[in-house]
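Single-structure report; data block below.
The values are calculated or read from the model by the stated rules, or taken from the named source; none is laboratory data. Note that the structure is a prediction, hence the values are computed from the model and not measured. So basically every Cβ, Gly included, is an ideal-geometry build from the backbone, and we count neighbours across all protein chains shown. Each accessible area value is taken on the protein alone, full model and side chains, heavy atoms only, with ligands, DNA and RNA left out. Shrake-Rupley method; radii C 1.70, N 1.55, O 1.52, S 1.80 Å.
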Amino acid sequence: MAEKVTISVIKADVGSVCGHTRPHPSMIEKCKEVLADRAKQGIIEDYYVTRVGDDINLFMTHYRGDNNKEVHQIGWDAFTEATKLAKAMHLYGAGQDILTDAFSGNIKGAGPGSAEMTFEERPAEPVIFFMADKTEPSAYSLPLARIFLDPFTTTGLVIDKKAKMGFDVEIHDVIKNKKVVMSSPEETLSILSLLGDTSTYAIKRITSRAGIGPAAVVSTDKLNLTAGKYIGKDDPVCVCRAQSGLPSVGEYTQVFMNTMLAAGWMRGSHYGALYPCSPEESTPAYFDGPPRICALGFQLCNGHLQGLEAPGIIGDKQPVDFFAGAEWDYARRNAIKASRFMRSQGPFMPSILGPEEMEYTSRPEVLKELTSRFENLD
Ligand code: 13P
Ligand code: 13P
Ligand code: MG
Ligand code: MG
C-alpha cells in the first residue's frame with residue numbers, strides 16, 4: 001500500500017497593521033523562511049504561506065501523519081518568530097493567538113487553529129483550501145451541509161455512484177468538547193437539527209463512505225474558550241478533496257454564490273454575510289468585515305502541491321484563486337447588501353449575537369449598578 005500523505009494547515013493571527021486588517025509582509029516572509037528551512041530538513045515535503053485578513057495560514061504536506069510533533073513545532077516556530085516582528089513594530093494584537101509560553105508538542109490548545117487530513121493520494125487529487133477571517137468554525141456548517149447533504153446543490157450526490165454511498169459527518173460540540181459521527185443520507189435531518197445551532201455545533205470532518213477517505217476537515221479550535229476570554233475570532237480553515245466520488249470542485253465553490261450569515265465580525269460579536277474574495281482582497285475594510293472567505297486550489301503530486309508555478313518548485317506557489325474573478329462580484333454585492341441590512345439594526349439582536357455568545361459585554365456591570373433600582377413588578 002502506498003504511503004499516506006498528510007495535509008496540515010496551521011493558522012494564527014499574531015498581529016496586524018492598523019487594527020485587525022492584515023499582517024505585515026515581513027511576518028509572512030519570516031513564516032516562509034521557517035517553512036523553507038523545515039522543508040530543506042526533510043520534515044515537510046512542500047508548503048505554501050498565505051493570509052486571509054489578519055490571519056496567516058501555513059499549508060504543509062508531509063508523510064508524518066496527523067498530530068505530528070515536528071510538524072506542529074513548525075507552526076509554533078513560524079508564529080513565535082512572526083510575533084517577535086509584530087511586537088517590535090508595535091502591531092495591533094501582536095502575538096494575539098499565542099496563548100502559552102512553551103510548546104507542548106501539539107499546537108492544539110496553544111492558540112493557533114489547525115486542520116489535518118491523511119489519505120492515500122489518488123492519481124489526480126484536487127485539493128481546495130478554504131480560509132475565513134472574522135468568523136467561527138461553524139461558519140462552514142451551512143456551506144458544507146449544502147455541499148454534502150443536499151442533492152439539489154450537489155448533483156454528484158445523485159449521479160456519482162460513490163458519492164451516492166454517502167458521507168460520515170463528525171460533529172463537535174465545541175462548548176462541551178465532545179464529538180459524534182453521524183451518517184448521511186440516512187441521518188441528514190438529524191444532522192441538520194444539530195448543525196442549525198451554530199453556537200454549539202460545528203462540522204470537524206467529513207469522510208467518504210465509499211472508501212476514498214477524508215473529504216473535508218475544518219479547524220474547529222475555539223480560541224476564546226481556550227483562552228478563557230475574548231482575544232480574537234477563530235477564523236477557521238477548511239481543507240477539501242474533490243472529484244471522483246467526492247463533490248466536484250465546482251460543487252464546492254457554487255454554494256458561496258448564496259448569501260450566508262455567519263457570526264464573528266466587529267469585536268467578534270456581530271452577524272455579517274460571508275464575502276467570497278481573493279486573499280489579495282481579504283483585508284476587512286468595512287466594520288472590520290464582512291467575514292471573508294477565500295478558496296485556493298492545488299493538485300497534489302507525490303506529496304507536493306502543484307499550482308500554476310513550474311513543476312518541482314517548493315514553497316513559491318501560484319494556486320488557483322477561485323474567488324478572484326468577476327463572477328463573484330454578484331455574491332460580493334449581495335454580501336455587502338445583507339451586511340448593511342444587519343448593520344441597520346445597530347446594537348440590537350440579531351445584528352449582535354445572543355447574550356451567551358457575545359464575545360464581551362458591559363451588561364454585568366450595568367446590571368450591578370442597577371441592582372438597587374430594579375423593582376419587582378406586581
Ligand atoms: P470536463 O469535461 O471539462 O473535464 O469537466 C467534467 C466535470 O465533471 C466538471 O464538473
Ligand atoms: P480577528 O479575530 O480577525 O483578530 O478580529 C477580531 C475583531 O474583534 C475584529 O473586530
Ligand atoms: Mg486580529
Ligand atoms: Mg482574523
Can you name the residue in the range 156-184 that is in a loop (DSSP other than H, G, I, E, B), on the phi < 0 side of the Ramachandran plot and surrounded by fewer than 16 Cβ atoms within 10 Å (Cβ to Cβ) and is also farthest from the chain's Cα centre (by Cα) among such residues?
Lys161
Of everything in the range 94-139 that's without any contact (Cβ under 8 Å) to a residue 60 or more places away in the chain and polar (S, T, N, Q), which residue is farthest from Ile44 (Cα to Cα)?
Thr100
Could you tell me whether any residue of the range 282-292 is over 24 Å from Ala216 (Cβ atoms), under 18 Å from the mean Cα position of the chain (by Cα) and more than 16 Å from ligand 3 (Cβ to nearest atom)?
no
Can you name the residue in the range 146-155 that is touching a helix residue (DSSP H, G or I) at 6+ places or on another chain (Cβ under 8 Å) and open to solvent by 10 Å² or more (accessible area, probe 1.4 Å) and is also nearest to Pro112 (Cα to Cα) among such residues?
Arg146
Selection from the range 229-279 of residues in a loop (DSSP other than H, G, I, E, B), within 16 Å of ligand 4 (Cβ to nearest atom) and not charged (D, E, K, R) yields Tyr230, Ile231, Gly232, Pro236, Ser269, Leu274, Cys277
What are the residue pairs meeting all of these: first residue in the range 69-93, first residue on the phi > 0 side of the Ramachandran plot and touching a residue at least 12 places away in the same chain (Cβ under 8 Å), second residue open to solvent by less than 10 Å² (accessible area, probe 1.4 Å) and not in a helix (DSSP H, G or I), Cβ atoms under 9 Å, and 6 or more apart or on different chains?
Gly93/Asp13; Gly93/Val14; Gly93/Gly15; Gly93/Ser16; Gly93/Asp54; Gly93/Gly232
Taking the stated definitions as given, is Lys30 within 16 Å of ligand 3 (Cβ to nearest atom) and more than 24 Å from Val127 (Cα to Cα)?
no
Select from the range 211-249 the residues that are touching a Phe, Trp or Tyr at 6+ places or on another chain (Cβ under 6 Å) and open to solvent by 10 Å² or more (accessible area, probe 1.4 Å) and write down the one among them that is farthest from ligand 3 (Cβ to nearest atom).
Gly213
From the list Ser104, Ser26, Ser114, which one is more than 26 Å from Asp321 (Cα to Cα) and either away from ligand 4 (no atom under 16 Å from the Cβ) or modelled with pLDDT of 95 or more (or both)?
Ser104
Count, please, the residues in the range 302-336 that happen to be without any contact (Cβ under 8 Å) to a residue 40 or more places away in the chain and either more than 21 Å from Ser248 (Cβ to Cβ) or part of a strand (DSSP E or B) (or both).
12
Return the residue satisfying two criteria in turn: it lies in the range 110-144 and is aliphatic (A, V, I, L, M) and open to solvent by 10 Å² or more (accessible area, probe 1.4 Å), and of such residues it is farthest from Ile56 (Cα to Cα).
Ala124
Taking the stated definitions as given, is Ile74 crowded, with 24+ Cβ neighbours inside 10 Å and in contact with a strand residue (DSSP E or B) (Cβ under 6 Å, 6 or more places away or on another chain)?
no
When you scan the range 199-219, do you find a residue that is assigned to a loop (DSSP other than H, G, I, E, B), within 16 Å of ligand 2 (Cβ to nearest atom) and not aromatic (Phe, Trp, Tyr), even just one?
yes
Between a first residue in the range 3-19 that is under 12 Å from Trp76 (Cα atoms) and a second residue that is hydroxyl-bearing (Ser, Thr, Tyr), which pairs have beta carbons less than 6 Å apart while being 6 or more apart in sequence or on different chains?
Ile10/Ser114; Val14/Thr83
Residues (open to solvent by less than 100 Å² (accessible area, probe 1.4 Å) and among the basic types (Lys, Arg)) located in the range 337-378
Arg343
Criterion violated by Gly42 - all others in (1) at positive phi; (2) within 21 Å of the chain's Cα centre (by Cα) satisfied:
(2)
